[in-house]
Structures are given as C-alpha cells and as structure tokens.
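Report on the following structure.
Values quoted throughout were computed directly from the atomic coordinates according to the rules given, and no laboratory measurement underlies them. In this text the structure is predicted, and so the values were computed from the model without any measurement. Cβ: placed from backbone, ideal geometry, glycine included. Neighbour counts: every protein chain shown.
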Amino acid sequence: MTLPKTNPTAFCKAFIQRELVSCQESKIWMSYWPVMGRMIERADELRLAFEELISRFGYSDKFEGFPPQNSYIWLTLEHIWMSTDFCKEEVIQTRREQKELLFLQEEIVHLASKLAATIRRQNELYETSGFIRDEYQSLVDAVEFASHDNYLYGSHLSGKIRALAGQYDLKYWPSRADVIEAIADFEDAQPKPLHSEIPQSVLDGRASDIKDFVLAFDNKFDDLNGLPDGFRFSNNAMADIINVVLELSPDKLATGDAVRIVRNRHS
C-alpha cells in the first residue's frame, strides 16, 4: 500500500489504518484496536502532532528501506496508540502490584529466615537428643524429591547429581538451611522492583491522568527502544494526544498549559 504524501494528517491516518488492518487480520494487539480506530476517526484533532512528526522525520515508511530513521514514524505512532496503557486506572493497578511485590519480598525474607533457623534447630535436636529419623534429607535428597515429577531432570540430571553426591560427602554441599537462608539473603539484597513501561516518578506520585501520562510517555523517548532519542512533542500536541488516546470527557480535557506545568515541575 502506497501512503499518500500530500499532507502529514493524510499520511499518518493511512499509516495507522494500514497497521490496524494488519493487526485485525493477524488477530494481534486487540486491546489497542479501539485507540487505533479513535486515532483514525479523530485524526484532525491530532493534526499538530502529525505535523511535528513529519516535520522532524519526513514521510518515511518502514517498508522503504532500513535506515533507522525510517522506522521513527512507525515506532512513534505505535507508541502513541500503546500509550493507552498509561491511563490513570492502569497506573493505579501498577502501584498496587508494586506494593504487593514489596510486601512479598519482605515476607520471603522473613519466612525463609525463620524456616532456615527452624531446620537448623531440627537438625541440632536429631544430632544431640538421641532421636533418630528413618531418612536424613540432604540437599541432594531435597532436589530429588522436588524433581520427582520432572521427566527431564530424571532423564538427564538425576544420575549425574546422585553420582556427585556419592563422590563427595555432606561437608562439600550446602545444607538445606543454607540454601533457604540464601533465598532470604538474595531477596533482601534486591532493589525496589522497577516497571518496564511506567517510570518510578509516576508510581511515586499521586494518581493523575495528565501527569502520569506525560511523564510515562516522554520517558519512553529516553530509553533504548528504537524510538528517536530525546524526541518530544510540543505541549499542545501532547495535550491533543492525551485527549484522543484517553478519550477524556470535555470537562477534563488536557491543555498545553497543563502539559507545560507537568514538564517544568518534573524536568
């Protein structure tokens, strides 16, 4: 399909239409179909954004060769319709998930540390109290038990692990308690989980459609992802993108001034 190069809006509208048809035929990215359709229907409202895009990168198409700049129009338009993921509800859900991850990390540290201490005490009692158990479970025994239903382990590793266990006695192996304690130490050393799409500055602040969207949207142009490095739409163009992508109601429309304030405060 040859894209019309008569004006930026016609070019970008046809580009998005071609991508939408391709996605529909392949039945992929279904969650983005509505916003792609909205970008086509409301293309006139995105005129400024399309003009800035074409002014910067020209009428380049991903099918017209392979210089990196030829993919900038495609990747940036794709970034626009995918930015629906930066809506307030998505950010709130991501905040909840990050909070839960932090809680689970603390729980793993606490529970693993407690379990390691409990196993050590159990071993101590069996060694000193006169009580005996039918089978002493070493690390190798634990691995074998955990892999009971793992056909690949049984076929390829079990024999080799068992041979090593027979060759080297227990002093050469970490104990069960050592391994579990290492899990606690590993989790305790992990940094705060970072999201692949939404920057931490968004997750740390209060939920806001405009602020969250602008920060997350702009941040993608600073990552190593194929998008043009450091590119920014103007404040007014960014406001138009927000209004169309998030389908904001007339009483909540983003403005260029609102975008400017967000960028100035978080620059």
Solution diffusion estimate, µm²/s, Stokes-Einstein, region 1-116, Kirkwood Rh from C-alpha pairs, 4 °C, viscosity 1.567 mPa s
77 µm²/s
Compute the relative contact order of the chain as a whole-number percentage, counting only Cα pairs closer than 8 Å that sit 6 or more residues apart in sequence.
24 percent
Taking N as the number of residues in region 94-189, what is its Cα Rg relative to 2.2 N^0.38 Å?
1.35
Which one, (1) 1.00; (2) 1.05; (3) 1.20, gives Rg/Rh (Cα atoms, Kirkwood Rh) as derived from the coordinates shown?
(3)
Just want the answer: with Cβ charges of +1 for Lys and Arg and -1 for Asp and Glu, which residue in 228, 30, 153 is farthest toward the dipole's positive end in the chain?
228
Straight-line reach from residue 220: which lysines have a Cα under 16 Å away, not including same-chain ones fewer than 8 places off?
211
Could you give the Stokes-Einstein D for region 144-234 in µm² per second, using the C-alpha Kirkwood radius, 25 °C, 0.890 mPa s?
133 µm²/s
Could you tell me the distance between the Cα centroids of region 218-267 and region 77-94, to the nearest Å?
12 Å
Going through 5/62; 114/192; 27/62; 62/88; 5/252 one by one, the pairs whose alpha carbons sit over 25 Å apart turn out to be 62/88; 5/252
By how many degrees, 0 to 90 and rounded to 10, does the Cα axis of helix 88-128 deviate from the longest principal axis of the chain?
10 degrees
Points 7 angstrom from Cα along the Cβ direction at residue 201 and residue 26: gap in nanometres?
3.3 nm
Show that you can apply the helix-only estimate: for the chain, add -39,500 (n - 2.57) for every DSSP H stretch of four or more residues, divide by all residues, and state [θ] at 222 nm to the nearest 500.
-19500 deg cm²/dmol
If you add up the charges near residue 218, with Lys and Arg at +1 and Asp and Glu at -1, over every other residue whose beta carbon is less than 10 angstrom from its beta carbon, what do you get?
+2
Size of the dipole of the chain about the Cα centre, Lys and Arg at +1 and Asp and Glu at -1 on the beta carbon, nothing else charged, in debye to 20?
500 debye
